[in-house]
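The values are calculated or read from the model by the stated rules, or taken from the named source; none is laboratory data. All figures in this text were calculated on a predicted structure; none of them were measured in a lab. Because the Cβ atoms are built from the backbone with ideal geometry, glycine has one as well, and the counts that use them run over all protein chains shown. SASA here: full protein model, heavy atoms, side chains in, ligands and nucleic acids out. Shrake-Rupley method; radii C 1.70, N 1.55, O 1.52, S 1.80 Å.
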Amino acid sequence: MKKALFYSLIIIFFSVIGYLIYLDQNEVSPKVLTIETAYVMMDDEPTLEIPLYINETDHPLKVLDAVEHVSLVSLDSETNILVELINVSYQGSEFYLNQTFDMYLYQLNLPSFDQTFILENAMMAIDLKNGTSYAFTIGKISISPSKPIDYHLNWSKLSGTKMDQSIYERIGCVEIGIFELNKDIVSFFDGFTYSEVFQIKDDVLYLYLNDEPFIYQSFPIEIIFSDGTSQQIPYFNYMNSYHLLKMSGPLIHVYDLNPFI
């Protein structure tokens, strides 16, 4: 009887220890993740959509009505642009570092600009109605006035390929099918830099993009011709990545949900 009681106590002891270890390993501290992304927008295009990855089941950051203000802020300057938050929408979940993160898109209505406006080292600052404030690094943003979509280049198709050997989920080459071209192309603008790195082969225009540490998947492109005119290739989604967290390790910023004002 004593031996059976002894073994029973041993089993209970190790069961309790195992349960405590399990609780410790599965204790999840509330976090928000963001990914360094290059956002390029024209002023007549869809709203800017910035994803937040949140591992807490219930948090005001997930609720549109809980948000008081949203601003885009630059770490390099005193630039602070108040923007209109249109919606906060759930887009699915992703498993990352043994935790489940819900992805919520912040859909922002941007102001118009008379010339290209670039916000480097951008953060999204969020003020909640409960008095809590957050600021999350999001990458960089380019906003430009719209350009004509019809000019010297009559194009037939758009596609993109990932840059060879790039560790980031970003486009390395944009391919534009040429139906008709009436003026020589001298360069193109990718939202941040002008480039002359392109070629035309077999009625396809290949635009080669620099490899930078930013996600870069959906954007418009401006084509500049020899007579000084330009033409806009509309905003296009060149890549669909369904596991961005898994593929973006070096670009991910982790924030504890401990508010600061």
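If you go through the range 46-77 one residue at a time, how many are assigned to a loop (DSSP other than H, G, I, E, B), touching a strand residue (DSSP E or B) at 6+ places or on another chain (Cβ under 7 Å), open to solvent by less than 50 Å² (accessible area, probe 1.4 Å) and farther than 13 Å from residue 108 by Cα?
1
Does residue 236 qualify as being open to solvent by 20 Å² or more (accessible area, probe 1.4 Å) and free of Cβ contacts under 8 Å to residues at least 24 places away in the same chain?
No; evaluated as a whole, the condition is false for this residue.
Out of curiosity, is residue 121 open to solvent by 50 Å² or more (accessible area, probe 1.4 Å), closer than 21 Å to residue 218 by Cβ and not acidic (Asp, Glu)?
Numbers: open to solvent by 50 Å² or more (accessible area, probe 1.4 Å): yes; closer than 21 Å to residue 218 by Cβ: yes; not acidic (Asp, Glu): yes.
So residue 121 fits the description; yes.
For every residue, the table says whether it meets (1) at pLDDT below 95; (2) over 20 Å from the mean Cα position of the chain (by Cα); (3) surrounded by fewer than 17 Cβ atoms within 10 Å (Cβ to Cβ); (4) not aromatic (Phe, Trp, Tyr).
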site: 10; (1), (2), (3), (4): yes, yes, yes, yes
site: 21; (1), (2), (3), (4): yes, yes, yes, yes
site: 24; (1), (2), (3), (4): yes, yes, yes, yes
site: 30; (1), (2), (3), (4): yes, yes, yes, yes
site: 33; (1), (2), (3), (4): no, no, no, yes
site: 44; (1), (2), (3), (4): yes, no, yes, yes
site: 97; (1), (2), (3), (4): yes, no, yes, yes
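Just checking, which of 224, 126, 149 is assigned to a loop (DSSP other than H, G, I, E, B) and either under 22 Å from the mean Cα position of the chain (by Cα) or not charged (D, E, K, R) (or both)? Even if it seems obvious, please write down each step before you answer.
Values: 224 fails: assigned to a loop (DSSP other than H, G, I, E, B); 126 fails: assigned to a loop (DSSP other than H, G, I, E, B).
After applying the criteria, what remains is 149.
Just wondering, is there one or more residues in the range 242-251 that are at pLDDT 95 or above and not in a loop (DSSP other than H, G, I, E, B)?
yes
Given the options 131, 172, 177, name the one that is surrounded by fewer than 20 Cβ atoms within 10 Å (Cβ to Cβ) and not in a strand (DSSP E or B).
The unique qualifying residue is 131.
Being charged (D, E, K, R), open to solvent by 20 Å² or more (accessible area, probe 1.4 Å) and free of Cβ contacts under 8 Å to residues at least 60 places away in the same chain: is that true of residue 246 here?
Numbers: charged (D, E, K, R): yes; open to solvent by 20 Å² or more (accessible area, probe 1.4 Å): yes; free of Cβ contacts under 8 Å to residues at least 60 places away in the same chain: no.
No, not satisfied.
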